[in-house]
Amino acid sequence: MFIARNELHKIILLIILSVFSLHDLPMMTMKPIVLAMIICDYYYRDAFTGKSILSGTFSSINSPQFPSKHGNCAIYIALTDVAASGQLQLVFRKEGGEFFLKLPPWNVEPTDNRRAVIEIGGNINGLFLPEEGYYEFVVAWNGMEISSRRLSAVKVQINEAPPNGNLPSNPQGG
C-alpha cells in the first residue's frame with residue numbers, strides 16, 4: 001500500500017493528537033521581535049508626548065587606558081510582536097570572555113495589538129570596561145537570548161597640549 005508523504009504526516013499528527021491532549025504538548029515560547037537597539041549617551045521619555053529622546057549615538061568607546069569606566073551610557077530598545085507578559089533582561093558582556101554584567105530586568109506587558117511597538121530605555125552610569133576589545137549588549141526574553149548589539153572599546157592616545165600651553169595656530173587664519 002502506497003501512502004503519499006503528505007498523507008503520512010497527517011496520519012502521524014492524528015495519532016499524536018489522539019494520544020496526547022494539547023496541554024501535554026510543549027508550547028513554543030513566543031518571543032518578541034527586536035526592531036531597534038541603539039547605544040547612546042542619554043535616553044529619556046518626554047512626559048507630554050511619550051516620545052523617546054536619544055542623544056549621542058555611538059558604536060565605539062575610546063579610552064586612554066583600561067580598565068575604564070564610561071561616564072554615561074544609555075540603551076534604547078524597540079520591540080514588537082509581544083504576545084504575552086515577559087521579562088526582558090539586558091546583559092553587557094565581553095565577546096569571548098568571562099566578563100558580564102546583568103542589568104536590572106524590565107517587566108514587559110503586551111498591548112491589545114501585537115503589532116504595536118513597545119519602547120524601553122534606560123541610562124547606565126559608569127559602564128565598566130575591563131579591557132580593550134569587543135563587547136555586546138544582549139537582550140534576553142524570559143531567559144532566552146533574542147538579540148545583541150556590538151560595542152567596541154578602543155585604546156587611544158591622548159595628545160597633550162604643547163609645553164608652552166599654546167595651541168597650534170590655524171594656517172588659514174580662521
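Overview of results
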quantity: Partners for Lys102 among lysines (Cα-Cα distance below 23 Å; same-chain residues under 8 apart left out); calculated: Lys31, Lys69, Lys94
quantity: Fewest-first ranking of Tyr76, Tyr135, Tyr44, using other Cβ atoms within 10 Å as the exposure measure; calculated: Tyr44, Tyr76, Tyr135
quantity: Under 5 Å, built H, 5+ apart or other chain: amide partners of Ala36; calculated: Ala78
quantity: Contour minus Cα-Cα distance for Lys69 and Asn107 (0.36 nm per residue); calculated: 10.9 nm
quantity: Contour minus Cα-Cα distance for Val156 and Glu136 (0.36 nm per residue); calculated: 5.2 nm
quantity: Cβ-derived FRET efficiency at R0 35 Å, Phe58 paired with Ala116, nearest 0.05; calculated: 0.80
quantity: Likely footprinting exposure, Thr111, Thr80, fewest C-beta neighbours within 10 Å first; calculated: Thr111, Thr80
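Just so you know, all these numbers are worked out from the coordinates, no wet-lab data involved. Remember, it's a predicted structure, so these values are computed and weren't measured experimentally. A quick note on method: Cβ atoms are made from the backbone with ideal geometry, for glycine too, and the neighbour counts reach across all protein chains shown.
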